[in-house]
Amino acid sequence: MMPLLQIRNLNLGLKRAGSSYALLHDVSFDIMPGEIYGLVGESGSGKSVTSLAVIGLLKKPLQVLGGEINFRGKNLLALRRREMRAMRGRRIAMVFQEPMTALNPLATIGRQIAEMYVLHQAKNWSEAGQLAVEALASVRVPNPERRAKDYPHQMSGGLRQRVMIAMALACNPDLLIADEPTTALDVTVQAEVLKLIRELCAERGTAVLFISHDLGVIAEMCQRVGVMYAGCLVEENDTAALFANPRHEYTRGLLGALPRMGSRLEHGRQRLVDIDSVIEDRSTLTSRRFITPRQDIAAQ
Amino acid sequence: MKFGFNFILGATLTTLVILGGLLAPWLANFDPVFDADLMNAELPPDWTFWFGTDAQGRDVYSRILYGAQISLTVGIVSQVINTFIGVALGMSAAYWGGWWDDLVNGLTNVMLAIPSLIFALAVMAVLGPGLASLLIALGLTNWSWTCRIARSSTLSLKTLGYVQAAQTLGYGDVRIMFTQILPNIMGPVLVMATLGMGSAVLSEAALSFLGLGIQPPFPSWGSMLTDARQLIQLAPWTAIFPGLAIFLAVLGFNLLGDGLRDILDPHMRTRLS
């Protein structure tokens, strides 16, 4: 089967007059149609810029320096602004970390969802309003008719994230980018929202690029995982295989740093492993020797 | 929905002033220009001349009603032009940034550096006196604060989640500006616009005072005040009533703007209801 999204040797960085500063080094991975692909890594490892590159919203001075992002066989990096905009919301959509600020405070949520249908499917407002209520029902918002008339500040974080998901999935995109969609939510709400994303995407055959630093969430959600560190994809595997048998030292460190129930007794460990250096100044790193500041982990 | 006290008072005052202007031909007891009678000059208020008469014996009450037409036209039209220019420039500058932002910023700074009345005087000198040139002069010279406010509000909104979310959902730049940004900067812009209406009324008075505004004998509140300047001790009513009219109109505009801001804010909306 042909991959839905194919990222090939993506290099990305800050570019100013005369100097460039690489942030991603030759990142390559594929996402199959309908697959949930997880991207893990610590803060600053390049997960979010990768997703912004896919959706075409890198802001200057961030710039793609090389590589290809093929989506359904078309290189997104070669598209014109207008063509790329037509992709967003229609073929590729995104859900953010912050549900509290991701909705326009001055419009009812019904209107905001309806706008997706008006914008992308040329529906009139009354039709779109109906579809918006249905969309709210599909993300299991109780009482969708009444809720459609609410303003964002009248809803809880979990509900707002459901509304965001409803907007993102309104036009049945092929790919949903979920950038830490549950980080800002309570644990119980988090579980519901994750379940919702998984079920809705399975129903519609939507592939998900799921970004998180929470290995527990990744394990629960994803079929395959890529581990990012310092702008490189250091390891990629099926989720089960990766957790059972991490090959890269950094992945091992990351898994070791994960607190587990009863870990002291069962695993005979006294302390959690800590990864003690923060990501170094990247200008000194090259793709080949990026791991050197953490040779201590490798040495263990 | 319940309205705040400010809104009710402001809307009442504004409506009164607008109605006074619109219905002037029916409400006025005398013709504001031609019923001059030097035998009746400088009479204090009585049952015939409700607000007294001026130096030419014209009825101050009738002149205030007709003056409302001029003052309101100047206040509203020039402020609509200002707000339009200011918001368009400020919002697009902040949203697109780059050279366009630099250009708009430079222009705004130049406008702020020149006292707007002096600039308006220059424009009036080129266009010649009259209502139309008054509107153009005041409409082109007072947008800099609106522009500043629109720009800074847009800058702070631009980084917010919902503007970025709208981009990821495929909204175009213009749609984002109109649906996501404009409604959210309307509060401060409206307040600026209503404050500006008050100051436009005052600028009109100043320009008329300098002989570049409404030409005598046609009444505007500003020119009435100017005429009253010499009579302020002999016939204080010639100054008090136009001054009161300006005061009430400006107060009405400001309270209306305040009230509108409260209504446009959905947080306030649930609190009130």
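Listing for the model above:
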{"item": "Residue in the range A:118-127 that is surrounded by the most Cβ atoms within 10 Å (Cβ to Cβ), counting only those that are more than 12 Å from chain B (Cβ to nearest Cβ) and of a type outside the set (S, T, Y)", "result": "A:K123"}
{"item": "Members of the range B:135-180 that are more than 25 Å from B:A125 (Cα to Cα), outside any helix (DSSP H, G or I) and not hydrophobic (A, V, I, L, M, F, W, C)", "result": "B:T159, B:G170, B:Y171, B:G172"}
{"item": "Filtered residue count, the range B:193-217, keeping only those that are aromatic (F, W, Y) and crowded, with 17+ Cβ neighbours inside 10 Å", "result": "0"}
{"item": "Any pair with Cβ under 7 angstrom, 6 or more apart, that starts in the range B:70-85 at a residue that is over 16 Å from B:M192 (Cβ atoms) and modelled with pLDDT under 90 and ends at one that is crowded, with 23+ Cβ neighbours inside 10 Å and of a type in the set (D, E, K, R)", "result": "B:S71/B:E204; B:V74/B:E204"}
{"item": "Qualifying residue in the range A:238-258 (condition: in a strand (DSSP E or B), modelled with pLDDT of 65 or more and in contact with a Pro (Cβ under 8 Å, 6 or more places away or on another chain))", "result": "no"}
{"item": "Pair list, Cβ < 9 Å and 6+ apart or interchain, from the range A:153-180 residues that are free of Cβ contacts under 8 Å to residues at least 24 places away in the same chain and facing another protein chain (nearest Cβ under 10 Å) to residues that are part of a helix (DSSP H, G or I) and surrounded by fewer than 22 Cβ atoms within 10 Å (Cβ to Cβ)", "result": "A:Q154/A:R147; A:Q154/B:P266; A:Q154/B:T270"}
{"item": "Every residue from the range B:54-79 that is assigned to a helix (DSSP H, G or I) and of a type in the set (K, R)", "result": "B:R63"}
{"item": "Residue in the range B:184-192 that is more than 14 Å from chain A (Cβ to nearest Cβ) and either in a helix (DSSP H, G or I) or surrounded by fewer than 18 Cβ atoms within 10 Å (Cβ to Cβ) (or both) present", "result": "yes"}
{"item": "Selection from the range A:133-142 of residues that are without any contact (Cβ under 8 Å) to a residue 24 or more places away in the chain and either within 11 Å of chain B (Cβ to nearest Cβ) or over 21 Å from A:D186 (Cβ atoms) (or both)", "result": "A:V133, A:E134, A:A137"}
{"item": "Residue among A:R204, A:R147 that alone is more than 10 Å from every other protein chain (Cβ to nearest Cβ) and crowded, with 16+ Cβ neighbours inside 10 Å", "result": "A:R147"}
{"item": "Residue in the range B:197-217 that is in contact (Cβ under 8 Å) with a residue 60 or more places away in the chain, farther than 21 Å from B:I118 by Cα and of a type in the set (A, V, I, L, M, F, W, C) present", "result": "no"}
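Here is a yes/no grid of residues against (1) farther than 30 Å from A:I7 by Cα; (2) within 12 Å of chain B (Cβ to nearest Cβ):
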site: A:N104; (1), (2): yes, yes
site: A:I113; (1), (2): yes, yes
site: A:M116; (1), (2): no, yes
site: A:G129; (1), (2): yes, no
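The values are calculated or read from the model by the stated rules, or taken from the named source; none is laboratory data. Just so you know, these numbers come straight off a predicted model, no measurement behind them. Reconstructed Cβ throughout: ideal geometry from the backbone, glycine too, with neighbour counts over all protein chains shown.
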